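*Asks:* Sharing a structure, written as structure tokens. Questions coming.
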Amino acid sequence: MSLNRIILLFLFFNSSLISAMVMEDEPKSSLRLYVNSVKIKEATDVRSQRYGGMLMFKTPLPFASRSTKKRVGMGLDLEAEPDLTKKSGEVNILQDFYTLDAFLECNYVLLFRFSVLAGPGALLSVTRANVVNTKETHTEFSSIANAGFSIDYAIDRRWEIGWQIRARYRFHNEKVDWLHGFGLIFNF
Amino acid sequence: MRRLIFVLILFSLWFCGDKKTPSTTRAKILTLGESGIEYKVAEFRHLTDVVHMDGTIATILGGSVIDYNLSLADVISGDPNRIFKRKGSTVHLDYTVIDGVITAQNQDSLAMLSVYHAFEGIVEFWTEQYHFTHKEIGKFKIHFDPSFAASSDDMKLTITPRMNASYFTGLGDFLLNKTSPNERIPIKMNPAVLAHEFGHKIVDILFVQKDPDFYSTKSWQAQYKIQGINEGLADFFSWLYVQKTNLYTLSLDINSMRDRKIPVPWTMSQLRMDASLCTGRFYCEGSVLNSALYSLSKESAFTPQIVANATLRGLRKLRLDWQKYRDNDDFDYFYLLNRIVQELPAESQKTACSIFKKLFDDEVNQSGLKQACP
């Protein structure tokens with residue numbers, strides 16, 4: 001690699017004048033809105049796709065953060081994943097998922113903010129059954145565990161965009177779902 | 001304070017929701033009822049593992065991928081390694097228990113419970129009323145939402161078909177396709193459809209004796225007739241179990257299903273003269289056979305069981321006729337009809353002949369029926 005390319009790469013990853021790297025000079029909390037594509041593991045061992053909306057709150061833990069580049073944070077998120085697919089003319093059982101997740105995360109900043117997160121959560125399953133003119137709704141709470149990875153990219157000091165991928169284990173059904181999605185982040 | 005709240009939230013979340021394997025064998029499913037197909041609580045008798053839908057008569061598998069480039073030799077082999085690209089895996093039911101009743105949490109789970117219960121009823125029907133043994137029937141696999149994979153040098157394609165159910169001769173298994181939004185009651189949850197597919201298994205046991213190569217013939221006309229016989233008998237066997245004639249249309253209200261409502265308004269000669277009378281090709285001819293057996297069952301001297309027993313014995317003997325004449329273009333329904341008449345009590349053969357002659361009024365069958373109906 002030629003010297004000028006090495007210098008360019010160095011500048012690219014280290015100068016906020018050249019890149020739009022995460023520009024945090026002090027720990028900030030953020031509010032995030034993600035639109036996720038969710039791959040639900042079905043009873044038949046295949047995955048079906050649906051979309052979900054996630055509202056997330058993240059805050060850094062200053063006592064556990066060594067620098068602006070390496071931080072530990074925590075957060076909570078709420079996600080709604082409605083089942084909108086019509087199954088058949090007269091038999092439709094739709095299962096909506098609503099989750100509340102708590103997590104701890106570790107960040108590292110190098111142009112982007114890279115984060116890994118993990119934590120437990122609660123899942124509310126709402127089953128809407130409309131079977132041959134019989135309408136019923138059942139709800140059930142169960143526990144879940146999440147592990148994920150995200151990348152954030154700063155537009156300015158307040159606004160960022162992000163992408164996340166997450167695996168979710170449903171203890172109740174012993175199934176792993178996958179989700180990934182893009183989000184808009186507001187720092188405050 | 002903030003940290004304390006956070007820890008408390010984590011603690012409470014971790015312990016909410018706790019699933020237990022159900023001790024009950026009652027589930028709310030779609031099953032046969034007085035008014036047709038009803039959503040109600042039913043008892044399982046052969047399902048030993050509700051979570052994985054496994055029991056003494058069958059097991060349900062998901063995610064099976066069948067090789068689209070199957071040859072007849074592959075089918076005949078009955079070797080899953082040659083038939084499947086992916087053999088299917090254990091399913092995992094999503095359910096909750098409400099007041100001691102297993103209740104499905106999603107469509108697939110309701111379908112699996114309903115399918116298993118329907119097959120329990122069908123297997124019990126054939127073992128208890130017609131003395132088939134569990135060994136003859138064998139423990140079969142139900143492939144849920146199977147896909148077909150085709151591949152060539154520069155292309156790979158996976159297709160998940162919808163709107164059908166089928167019996168896989170050779171393997172003795174059932175394929176229940178993914179449900180389409182166009183189906184009213186999903187085909188796979190319709191006991192009449194499942195009983196029809198199981199009817200093919202009965203034909204498999206008695207006629208081809210689990211050798212799919214036995215169907216092969218050099219005559220496409222004979223092939224057409226034997227396919228019609230197979231479908232007609234499967235429809236009749238389905239009716240024997242459900243005792244209703246309109247259940248197919250509850251799933252698909254289309255011409256090809258409406259045309260299978262018995263008794264059909266056409267005879268064999270009318271059908272062969274004007275194919276536009278019915279839309280289901282050899283299914284239409286099969287419906288004439290089904291109508292004949294149905295009409296016979298309704299005669300005062302008969303019961304469905306008398307007709308069924310004669311049909312089952314006749315079907316076993318049809319093997320001999322098929323072995324001899326399967327390559328002849330004039331192989332026709334009369335071979336089976338003659339066998340059935342011969343299996344009926346002597347005093348009631350005349351009634352059967354009269355019905356068969358009335359419906360199979362084409363030249364070939366009229367002439368062929370003279371053997372048992374002089």
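The values are calculated or read from the model by the stated rules, or taken from the named source; none is laboratory data. Worth saying up front: this structure is predicted, and the values here are computed from it rather than measured. Cβ atoms come from the backbone with ideal geometry, glycine included; neighbour counts cover every protein chain shown.
*Asks:* Give me the residue from the stretch B:184-211 that is buried (at least 23 other Cβ atoms within 10 Å of the Cβ), within 14 Å of chain A (Cβ to nearest Cβ) and in contact (Cβ under 8 Å) with a residue 60 or more places away in the chain and, out of that set, nearest to B:Ser238 (Cα to Cα).
*Replies:* Residue satisfying both the conditions and the ranking: B:Pro191.
*Asks:* Out of everything in the stretch B:169-182 that is touching a helix residue (DSSP H, G or I) at 6+ places or on another chain (Cβ under 9 Å) and part of a loop (DSSP other than H, G, I, E, B), what residue ends up being farthest from B:Gly138 (Cα to Cα)?
*Replies:* The residue in question is B:Ser180.
*Asks:* To continue, here is another question. So A:Leu61 fits all but one of (1) more than 21 Å from the chain's Cα centre (by Cα); (2) within 10 Å of chain B (Cβ to nearest Cβ); (3) more than 30 Å from B:Pro181 (Cα to Cα); what number is the exception?
*Replies:* Of (1) more than 21 Å from the chain's Cα centre (by Cα); (2) within 10 Å of chain B (Cβ to nearest Cβ); (3) more than 30 Å from B:Pro181 (Cα to Cα), only one is false for A:Leu61: (1).
Per-residue answers, yes or no, for (1) closer than 21 Å to B:Lys178 by Cβ; (2) in contact with a Ser or Thr (Cβ under 6 Å, 6 or more places away or on another chain):
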residue: A:Glu90; (1), (2): yes, no
residue: A:Ile93; (1), (2): yes, no
residue: A:Thr99; (1), (2): no, no
residue: A:Leu104; (1), (2): no, no
residue: A:Asn107; (1), (2): no, yes
residue: A:Leu111; (1), (2): no, yes
residue: A:Pro120; (1), (2): no, no
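*Asks:* Return a yes/no flag: does the stretch A:151-168 have any residue that is within 12 Å of chain B (Cβ to nearest Cβ) and not hydrophobic (A, V, I, L, M, F, W, C). Walk me through how you get there before you give the answer.
*Replies:* Pass one, the stretch A:151-168, residues within 12 Å of chain B (Cβ to nearest Cβ): none.
No.
*Asks:* Which one is farthest from B:Asp94 (Cα to Cα), of the residues in the stretch A:50-74 that are at pLDDT 95 or above and in contact with a Lys or Arg (Cβ under 8 Å, 6 or more places away or on another chain)? Spell out how you get there, then give the answer.
*Replies:* Here is the first cut: in the stretch A:50-74, the ones at pLDDT 95 or above are A:50-57.
Filter once more, keeping what is in contact with a Lys or Arg (Cβ under 8 Å, 6 or more places away or on another chain): A:54-57.
On the way: A:Met54: 24, A:Leu55: 27, A:Met56: 28, A:Phe57: 31 Å.
Within the stretch A:50-74, the match that is farthest from B:Asp94 (Cα to Cα) is A:Phe57.
*Asks:* Look at B:Ser64 and say whether it is more than 27 Å from A:Phe141 (Cβ to Cβ), modelled with pLDDT under 95, under 22 Å from the mean Cα position of the chain (by Cα) and buried (at least 23 other Cβ atoms within 10 Å of the Cβ).
*Replies:* For B:Ser64, the condition - more than 27 Å from A:Phe141 (Cβ to Cβ), modelled with pLDDT under 95, under 22 Å from the mean Cα position of the chain (by Cα) and buried (at least 23 other Cβ atoms within 10 Å of the Cβ) - is met.
*Asks:* A follow-up question, please. Can you name the number of the only condition in (1) within 10 Å of chain B (Cβ to nearest Cβ); (2) modelled with pLDDT under 95 that A:Asp101 fails?
*Replies:* Answer for A:Asp101: the failing condition is (2).
*Asks:* How many residues are in a loop (DSSP other than H, G, I, E, B) and farther than 13 Å from B:Gly368 by Cβ when one looks only at the stretch B:304-334? Before the answer, list the steps.
*Replies:* As a first pass, look at the stretch B:304-334 and keep what is in a loop (DSSP other than H, G, I, E, B): B:326-333.
Restricting the remaining residues to those that are farther than 13 Å from B:Gly368 by Cβ gives B:326-327, B:329.
Qualifying residue count, the stretch B:304-334: 3.
*Asks:* Could you please let me know if B:Ser348 is among the small types (Gly, Ala, Ser) and either within 25 Å of B:Ile202 (Cα to Cα) or assigned to a helix (DSSP H, G or I) (or both)?
*Replies:* On the way: among the small types (Gly, Ala, Ser): yes; either within 25 Å of B:Ile202 (Cα to Cα) or assigned to a helix (DSSP H, G or I) (or both): yes.
It is true that B:Ser348 is among the small types (Gly, Ala, Ser) and either within 25 Å of B:Ile202 (Cα to Cα) or assigned to a helix (DSSP H, G or I) (or both).
*Asks:* Consider the stretch B:130-156. How many of its residues are assigned to a loop (DSSP other than H, G, I, E, B), within 19 Å of B:Ile66 (Cα to Cα) and not charged (D, E, K, R)?
*Replies:* Of the residues in that region, 1 qualify.
*Asks:* Can you pull out every residue in the stretch B:44-100 that is away from chain A (no Cβ under 14 Å), part of a loop (DSSP other than H, G, I, E, B), hydrophobic (A, V, I, L, M, F, W, C) and without any contact (Cβ under 8 Å) to a residue 60 or more places away in the chain?
*Replies:* Within the stretch B:44-100, B:Leu70 is the sole residue that qualifies.
*Asks:* Continuing with the same structure: Does the stretch A:109-142 hold any residues that are under 24 Å from the mean Cα position of the chain (by Cα), at the interface with chain B (Cβ under 7 Å from one of its Cβ atoms) and over 13 Å from A:Arg170 (Cα atoms), and which are they?
*Replies:* Result: A:Thr127, single match.
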